[in-house]
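The structure appears right after this line, and notes come after that.
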Amino acid sequence: MKKVQNFWKESHQIIGIDSIILKDGTTYLTEINYSNNINAKKTYNKIYELRIDKKVSLNKLLEDDPDLWSEIQVYGKIDLPDNSRILFGEGEMGNEGFILKLDLDDNLEWSFFSTDSNPFVKTEVINEKIHIFSTHGFSIIIDKQYDPTKMVIDNHLSELDK
């Protein structure tokens, strides 16, 4: 994880593959899947789901492909009660989005990167949970402990949409 912290500190780049990377280097591959649903108007007729897959070796990923880094554009931030922050925005390509958490010294606590989410562009607190919205219309929900392995997608369906 030291290499990840160094890249973050020096160039504000993160690992640019579908993954969650924790500050201890624990890495989970992720996927955002969707199914078509004509009633899902807010998400352009799609229902999205976040899948958090198996743990993988961060060192092995970097060994196999040392060019996994992605530049990011920050579109917004959330200041948290403990003076840490969550940043969100877009990766290098228009289809990419990221969410990351920094401690009060700007060290990377965790990062989530998706090549299928589109950029994350706004935030809202709904029922005491943080929702970070993608341009696809869905939001990623972050729990009160800010645990990225417990993130889920809200498609914002009303009872009439189901």
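Once the Cα-Cα distance is subtracted from the 0.36 nm per residue extended length, the Asp105 to Asp67 segment shows a gain of 11.1 nm. Computed from backbone phi with θ = phi - 60° and the Karplus coefficients 6.51, -1.76 and 1.60, the 3J(HN,Hα) list for region 84-92 is 7, 9, 10, 10, 8, x, 10, x, 6 Hz; x is used for glycine and proline.
Overall shape: prolate for the chain, with the ratio a/c of the largest to smallest alpha carbon gyration tensor axis at 1.5 or above and a/b above b/c. As a calculated quantity, the FRET efficiency between Ser57 and Ser158 at R0 = 35 Å, using C-beta atoms, amounts to about 0.25. Remark on Thr135: its backbone amide H falls under 5 Å from those of Val121, a criterion applied only to residues 5 or more positions apart or on other chains, H modelled at 1.01 Å from N. Straight-distance candidates among the lysines for linking to Lys46, with alpha-carbon spacing under 17 Å and chain neighbours fewer than 8 residues away dropped: Lys162. Between Lys9 and Asn95, residue separation times 0.36 nm minus the direct Cα-Cα distance comes to 28.5 nm. With respect to the chain, whose longest principal axis is taken over its alpha-carbon atoms, helix 2-11 is tilted by about 80°. In terms of the mean number of neighbouring beta-carbon atoms within 10 Å, the peptides 94-107, 57-70 order highest first as 94-107, 57-70. Computed per residue of the chain from DSSP H runs no shorter than four, each worth -39500 (n - 2.57), the mean residue ellipticity at 222 nm is -3000 deg cm²/dmol. Straight-line cross-link partners of Lys77 among the aspartates and glutamates, defined as a Cα under 19 Å from its Cα and at least 8 positions apart when in the same chain: Glu90, Glu92, Glu96, Asp103, Asp105, Asp106, Glu109, Glu124, Glu128, Asp143, Asp147. Close amide H pairs (under 5 Å, H built 1.01 Å from N) link Tyr75 with Phe88, Gly89, Glu90, residues at least 5 positions away or on another chain.
Pairs from the list Lys42/Lys101; Lys3/Lys144; Lys9/Lys122; Lys2/Lys42; Lys54/Lys129 with a Cα-Cα gap above 32 Å: Lys2/Lys42.
Restricting to region 52-139, what percent of DSSP beta bridges are antiparallel, rounded to 5? Given both bridge residues lie in region 52-139, the antiparallel proportion sits at roughly 100 percent.
Stretched out straight at 0.36 nm per residue, the stretch from Ile126 to Asn83 would grow longer than its current Cα-Cα span by 13.4 nm.
Computed from the coordinates by the stated procedures, all read-outs in this text should not be read as laboratory data. This structure is a prediction, so every number in the text was calculated from the model and none was measured. As a convention, Cβ positions derive from the backbone with ideal geometry for all residues, glycine included, and neighbour counts pool all protein chains shown.
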